[in-house]
Amino acid sequence: MPGKTGARPPVALRGYDRGQVDVLLERISRALTGGPPLSADEVRATRFDIVLRGYEQRAVDELVRECIRELQTVAPNGERSGRPRVHPGWLVNWIQNARFSSARLRSGYDVRDVDAFLDRIVAGLRGAAPPVTARDVRESAFRVVRLGPGYDEQEVDRFLVQLAGALERR
């Protein structure tokens, strides 16, 4: 992909519009490095105009197929068939980008406890600490606060259920 390797498909007399191809490859590159998500189906649905001095069609088709395979490897669980392995890099990014609503006037999980637990999971995925298992996630417990900063308990619980499932497929 241009964003990752700097390589570009060869140019042909008649081929795919270079600007359109470059935009798609850049979107794929960003999706693979933690940017806005892009599904394999969205890539498959993309069509390019045929123009003079465009990218060679066969080379682009091959590159796009390779990108689709890579997107499927790192895609969230709902976008994949079966139960393939979860890529640790994607998992770290997903955890670090998790956001929970404030409990406001209700009781909620202590923000420091939840954040520290998620940091521990990330450190384990990166090999900087002992790994945290799906069982550890399911058995996690946090202090409940009433007046201090707290996260919505239901949101955190839903996230932890998904996280435990993802950890099982690492």
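Mind jotting down the distance between the C-alpha centroids of segment 123-160 and segment 89-120, whole Å?
Using only Cα atoms to place each centre, the spacing works out to 7 Å.
Rounded, prolate or oblate, given the Cα gyration tensor of segment 38-170, with a/c below 1.5 counting as rounded?
Since a/c reaches 1.5 and a/b is larger than b/c, the shape of segment 38-170 is classed as prolate.
Could you give me the ³J(HN,Hα) list for segment 14-26, computed from phi with Karplus coefficients 6.51, -1.76, 1.60 and θ = phi - 60°, whole Hz, x at Gly and Pro?
So the J values, rounded to whole Hz, are 10, x, 5, 3, 5, x, 5, 5, 4, 4, 5, 5, 5.
What angle do you read, to the nearest 10 degrees and between 0 and 90, between the alpha-carbon axis of helix 111-126 and the longest principal axis of the chain?
50 degrees
If you fit an axis through the alpha-carbon atoms of helix 153-168 and take the longest principal axis of the Cα set of the chain, what angle between them do you get, 0 to 90°, nearest 10?
60 degrees
Quick query: amide H of ARG170 versus all other amide H atoms, modeled in the peptide plane; which residues come in under 5 Å with a sequence gap of 5 or more or a different chain?
For ARG170, the qualifying residues are VAL86.
Name the GluC sites (Glu not before Pro) in segment 130-162 that are in a loop by DSSP and that have at most 11 other C-beta atoms within 10 Å, would you?
GLU139
Distance in nm between label sites at ARG169 and ARG143, each 7 Å beyond Cα in the beta-carbon direction?
Simple spin-label model gives 3.6 nm for this pair.
May I ask for the angle, rounded to the nearest 10°, between helix 57-74 and the longest principal axis of the chain, with both axes built from Cα atoms and the value confined to 0 to 90°?
Helix 57-74 sits at roughly 10 degrees to that axis.
Read-outs: derived from the displayed coordinates by stated rules, not from any lab. In this text the structure is predicted, and so the values were computed from the model without any measurement. All Cβ positions, glycine included, derive from the backbone under ideal geometry; neighbour counts span all protein chains shown.
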